[in-house]
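Just passing along the structure, written as structure tokens.
None of the figures in this text is laboratory data; all of them are computed from the coordinates on show. Bear in mind the structure is a predicted one, so any value in this text is a computation, not a measurement. Positions of Cβ are backbone-derived with ideal geometry, glycine not excepted, and every protein chain shown enters the neighbour counts.
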Amino acid sequence: MFSLFTTAALTLANPAVADAKVVKLETHGYVAPQFQSVWRPQARPVDQNRVGMTKSKAGLIFEGEVSPVWGFRVHFVLGEDTFEALTVAQPIDENNDGTTDAVYTESRGAMGNMVVEATVKYQPIPALNIKFGRMRIPFTSQAQSPNTDLLFPDRAGPNQAFLSGSDMGALAQTTLFDAKVVGSAGVFNGTSTNIFKTARQGVLYTTRLDINPLGAFGFSETSQWAGPFLLGVGSGLIYNPYTAYDRAGYATVSVKDTRASLSARASFYGLYVVGELLQRQQLDSMSSRPQWGTGWYGQAGWHLPKGFEPIFRMGESTIDEAFDPQTTRWLDVGLNYYPALKAARADQVKITLHYLSEDRIDENASAKGVASRVQVSW
């Protein structure tokens, strides 16, 4: 972390700018390589066992102020969002009759969206903060937790199933009564709702309220090392009306997508517990049958002496519960170890070992694995 005084060189070169305002810039970052081995017994032979350095990532964060009320924040991540990109496509004429019989293709791993956040901040008073740009929607408690402050290397499966990634929009946040009440409301494009299988047009509206009756309770899942009993409850709501269009550009159906979350958190001298309930209802103009989806997860971590932290998490989500249920269950058990307890922050170095399990009940498919990660942040 450092402060960058952008006017220093100009002042030396030209005394006329000696009264220019100082621009403050801070940087944070993290590197988190991860080794993972996953076994999928019901998959194709080529996919049954995957071993390697997967889900490794590195992040760099820039944030600063250009005036007492205007600021910015940019968060880059490498390795978090990857996909197979087509690099070669060649027609094959197997019998030399001038007709294409097959297509030979090659793919390579590529990085997807590398910008987690790119926002401009306007804070006219201490209790009000307005952000514009790309950011995570604070729909759930866990969506507000920074990447480096998660209990496990990734957010819970049900949380990702209902809302994942970042979105473009504007968000107003307020903090009242010494952070005992935290609220937000905003409008977004809706690209993080996982419904973009067709072209669509619409606006996503969201609001959330968190109440911490016993005192300020941040959203870090790993920094509750010691202290009095803290309790937090919260609820989030998303309303996303949109119209879907066919390939020719004509409207096909109007949809009203509503999602709700309810969370409870508690910490007490190193023990941190959080649980969330999630629900989704989708109505459209073609069918009177609503589509339902539900989910939940709970997790806990307990800081013990010498930097050890046993961690546990389980959860479940069901998509299209009313018609074609697709239920997935997750189970994660592991241990965090913090070897640098005397650093500026005890969690600047974190080593995670954990067992992971994912069962797709209706598809009769499962995945079991083990993973290890070393995370260094500054």
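Net charge within 10 Å of residue 135 by Cβ-Cβ distance, Lys/Arg positive one each and Asp/Glu negative one each, not counting residue 135 itself?
Overall, the nearby charge balance is +2.
Separate question: Taking the mean number of other Cβ atoms within 10 Å as a proxy for protection, how do you rank 306-315, 270-279, 65-74 from highest to lowest?
270-279, 306-315, 65-74
Excluding residues fewer than 8 places away in the same chain, name every one of the lysines whose C-alpha is closer than 23 Å to that of residue 131.
Partners within reach: 21, 24, 121, 180.
Using Cα pairs under 8 angstrom and six or more residues apart, how large is the relative contact order of the chain, in percent?
Reported as a whole number, the value is 12 percent.
I've got another one for you. Starting at the first residue of the range 139-155, write each ³J(HN,Hα) from the Karplus equation 6.51 cos²θ - 1.76 cosθ + 1.60 with θ = phi - 60°, in whole Hz, x for Gly and Pro.
6, 10, 5, 6, 5, 8, 7, x, 4, 7, 9, 6, 5, 9, x, 10, 5
Which value at 222 nm does the chain reach when only helices count, each DSSP H run of 4 or more adding -39,500 (n - 2.57), with the total divided by all residues and rounded to the nearest 500 deg cm²/dmol?
-500 deg cm²/dmol
Using the per-residue mean of other Cβ atoms lying within 10 Å as a proxy for protection, in what order, highest first, do the peptides 353-362, 258-267 fall?
Ranked by mean Cβ neighbours within 10 Å, highest first: 258-267, 353-362.
Using only the Cα atoms of the range 120-377, build the gyration tensor, take square roots of its eigenvalues as a ≥ b ≥ c, and label the shape rounded, prolate or oblate: rounded if a/c is under 1.5, else prolate if a/b is larger than b/c, else oblate.
It is oblate, given that a/c is not under 1.5 and a/b is not larger than b/c.
Taking 0.36 nm per residue of sequence separation and subtracting the Cα-Cα distance, how much length would be gained by fully extending the chain between residue 128 and residue 28, in nm to one decimal?
Additional length available on full extension: 33.6 nm.
Related question: Using a 10 Å cut-off on Cβ atoms, rank the peptides 338-344, 136-142, 93-99, 45-51 from the highest mean neighbour count down.
Ranked from most to least packed, the peptides come out as 136-142, 338-344, 45-51, 93-99.
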